[in-house]
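Values quoted throughout were computed directly from the atomic coordinates according to the rules given, and no laboratory measurement underlies them. Every value quoted in this text rests on a predicted model; they were computed, and no experiment measured them. Virtual Cβ from ideal backbone geometry, glycine too; neighbours counted across all protein chains shown.
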Amino acid sequence: MLHSHGLDQNHSSYAGPLLRGSSNWLRLNKVPIVTLHQEQNSPKMIAVLRYSSSRLLRSSINARMTRFSKPQAMSTVPKTAQDWSAAQYLKFEDERTQPARDLLARIPLQSPKTVVDLGCGPGNSTAVLESRFPDANLIGIDSSPDMIRKAQSALPHREFTVGDLRTYRPHGPVDLFFSNAVFQWLGKEERFVIVKKLLETQPSGGVVALQVPDNLMEPSHVLMRETAKNGPWASALQNVSRDVFQTPREIYDLLKPICSTVDIFHTTYNHSLENHAAIVEWVKGTGLRPYLDPLSVDEKEGFLREYLKRLEKAYMATYDGRVLLAYPRLFVVAVKK
Ligand SMILES: C[S@@+](CC[C@H](N)C(=O)[O-])C[C@H]1O[C@@H](n2cnc3c(N)ncnc32)[C@H](O)[C@@H]1O
């Protein structure tokens, strides 16, 4: 039997977000071919990743997809060049986790038996879930081996699995699917197909709760796109883009037919950061990744210098020399009929 909680065992192919987490990677012509197969007489699932991009041909990777129920198993997961970096992501851990707390506060469940943290990252959102639902069977799933490694060491008593939301199927009924800052990385067409599939597996009263950044029109992201278009890297980055998220009305129309309530709301955080370079550090862990990954070391440095110059013009410093990063986010709490 495959130890593959979170992976659809009928799927023979798998594409993790370190490769296809957004259509950015695809559009950059780094088309990964990933095949899952089972080692003979072994419970482990092996994913062999091959890239068609010339830049990435050098980095043909064998990634071991293993269910981690024991912390010592973590050492079997190699860190890949294009993987998310848990360390970079956690530089702003408190700011990134606040939306998870705010989302949790709106979930109308008292004592769910099973809770799944979809795209659990380094386990920060899982820890928030654990503090509210300590007795729940709490499972974290993420396609990044580095993130899962970090999550498992942060919460060794919980179960974490490398898996992709596109192929994930729960093994039993799940009362709460929780997802903080993940669905924006999926293609527009797939997001709510996944959400609806998850809702269909849930008992009446089950909840899907998700939060996504709503910041594509903020200077931080507009200037990323402007920098990409203006520089020696322009042709390498010409196809990088992220699908806009569905509007509240689109979300409501998609979910309400199978839900008793669909609660949609926005919050804009204003994060006080040390300086403009801190904005760069913030987005380096997330939104800037598709722009930096295809570039050489020199190109990356040039891109970051140009981007920083633009940020310095766009964000006026506060009286104490800091910078306020406005960060709008969209929240959805859907309760199954
Ligand atoms: C911005 S982090 C969010 C981490 C955490 N949930 C939090 O609250 O901070 C996004 C995470 O989603 C994961 N991810 C992106 N696309 C995914 C997919 N298709 N399937 C599973 N995980 C995915 C990434 O690996 C990353 O760890």
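Points to keep in mind about this one:
- Kirkwood Rh and Cα Rg combined as Rg over Rh, evaluated for the stretch 130-190: 0.96
- Amide proton proximity set for residue 140, modelled H, under 5 Å, gap of 5+: 117, 159, 160, 161
- Separation of the alpha carbons by more than 29 angstrom is noted, of 197/229; 188/284; 113/197, for 197/229.
- Mean sequence separation of contacting Cα pairs (under 8 Å, at least six apart), scaled by the length of the stretch 91-206, corresponds to a relative contact order of 26 percent.
- Nitroxide proxy distance, nm - points 7 Å out along Cα→Cβ at residue 317 and residue 188: 4.0
- P(r) weight above 17 Å for the stretch 71-199, C-alpha pairs, percent: 57
- Classification of the stretch 175-311 by its C-alpha gyration tensor yields a prolate form. The axis ratio a/c (a ≥ b ≥ c) is 1.5 or more, and a/b outweighs b/c.
- Protection proxy ranking, peptides 192-205, 287-300, average beta carbon neighbours within 10 Å, highest first: 287-300, 192-205
- Straightening the chain between residue 272 and residue 110 buys 54.9 nm, computed as 0.36 nm per residue apart minus the Cα-Cα spacing.
- Extended-chain gain in nm, criterion 0.36 nm per residue less alpha-carbon gap, residue 308 and residue 222: 29.7 nm
- Most to least packed among 210-221, 146-157 [average Cβ atoms within 10 Å]: 146-157, 210-221
- Taking a ≥ b ≥ c as the square roots of the Cα gyration tensor eigenvalues, the stretch 293-337 comes out oblate, since a/c reaches at least 1.5 and a/b does not exceed b/c.
- Here the extension length gained between residue 95 and residue 204 equals 35.9 nm, from 0.36 nm per residue of separation less the Cα-Cα distance.
- Protection-proxy order for peptides 227-234, 264-271, each taking the mean of Cβ atoms within 10 Å per residue, highest first: 227-234, 264-271
- Cα gyration tensor shape of the stretch 233-320, rounded if a/c is under 1.5, else prolate or oblate by comparing a/b with b/c: oblate
- For the stretch 155-234, the equivalent ellipsoid built from the Cα gyration tensor has semi-axes of 33, 15, 12 Å, listed from largest to smallest.
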